[in-house]
Amino acid sequence: MKYAIGYIRVSSERQVKEGQGLEIQRKSIIKYCKENNIELIDIFSDEGISGAESLEKREGLKDAIEKIKSYSKTDTPIDFLLAQKLDRVARNTMLLGYLEFELRRINCSIISSEQKFEDTPNGGLMKDIIVAFASFEKKMINMRTISGRKNKISKKLHTSGNIPIGYMSDGKNIVVNEEERALIQFIFHERIKGQSYRNISNNVKIKFERKIPYNSIKYIIENTIYMGKFRQENTYINVPSIISNSSFYRANKIGK
């Protein structure tokens, strides 16, 4: 009987929340073990972590390696670190090479449930080529993402990040959330009257039945988006204003 530790990974938070990839990888590993008479001891995972990250940032992979090392001192040493594909373990040939070197010292191999490699120089070369292409693909995706963001910035379009209360995205631009316009105007009006952040927070709860912490009130008062200038990527995007410039500066003079 052979023994294996499974490893699965997805790189984005969206994949984690929606379960994309993790369950498919898990099923592939379990199926491979059943078909090849391998006892699967455990499956470790890294969720929302890039395969290009160092081992220090891959808690699941580190735990898998530690468990393999601990079993090497028992009567049931682990024979395989098993992943659906090699790029789940690493998108970096140096990291993969290091892991293979460490595991070979305790007679453990890294294998894939959907990729077959001969234990020959040719097999090793094919493995390196596949991991190198995975690394190349990741870098190309990053480059396109950065290029797309820069293009949006140059056109003064919203790229990413949280949109402050009072606004929303129409898919391309930041627009006023009409349901929250009166709320923002009330906050600024109260501040101009000389109300403290805590008092404004209490008054908002009474008038709008909405709880906004006093520190969030301060953030709203000081945010230039409400007079039409949204700071993003070290530049400003022009957006529809909710209050006038004079009201913004009057509100920010209070207490100073």
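Which pairs do you get when a residue that is among the acidic types (D, E), found in the range 175-204, comes within reach of a residue that is part of a helix (DSSP H, G or I), reach meaning Cβ atoms under 8 angstrom, with the pair 6+ apart or on two chains?
Short answer, once both residue conditions are applied: E190/N199; E190/I200; E190/N203.
Do we find a residue being touching a helix residue (DSSP H, G or I) at 6+ places or on another chain (Cβ under 6 Å), modelled with pLDDT of 90 or more and either loosely packed, with under 15 Cβ neighbours inside 10 Å or within 23 Å of N107 (Cα to Cα) (or both) anywhere in the range 19-42?
yes
Can you pull out the residues in the range 65-86 that are part of a helix (DSSP H, G or I) and either crowded, with 23+ Cβ neighbours inside 10 Å or modelled with pLDDT of 90 or more (or both)?
Of everything in the range 65-86, those that are part of a helix (DSSP H, G or I) and either crowded, with 23+ Cβ neighbours inside 10 Å or modelled with pLDDT of 90 or more (or both) turn out to be I65, E66, K67, I68, K69, S70, Y71.
Would you mention how many residues in the range 96-114 are within 27 Å of the chain's Cα centre (by Cα) and part of a loop (DSSP other than H, G, I, E, B)?
Residues that pass the stated criteria total 2.
Which pairs have Cβ atoms under 7 Å, sit 6 or more apart or on different chains, and link a residue in the range 227-256 that is of a type in the set (S, T, Y) to one that is part of a loop (DSSP other than H, G, I, E, B) and open to solvent by less than 50 Å² (accessible area, probe 1.4 Å)?
Correct list of pairs: S241/G228.
The values are calculated or read from the model by the stated rules, or taken from the named source; none is laboratory data. Bear in mind the structure is a predicted one, so any value in this text is a computation, not a measurement. Using ideal geometry, Cβ is built from the backbone for each residue, glycine included, and neighbour counts are taken over all protein chains shown. Accessible surface is based on the protein model in full, side chains and every heavy atom, while ligands, DNA and RNA are left aside. Shrake-Rupley method; radii C 1.70, N 1.55, O 1.52, S 1.80 Å.
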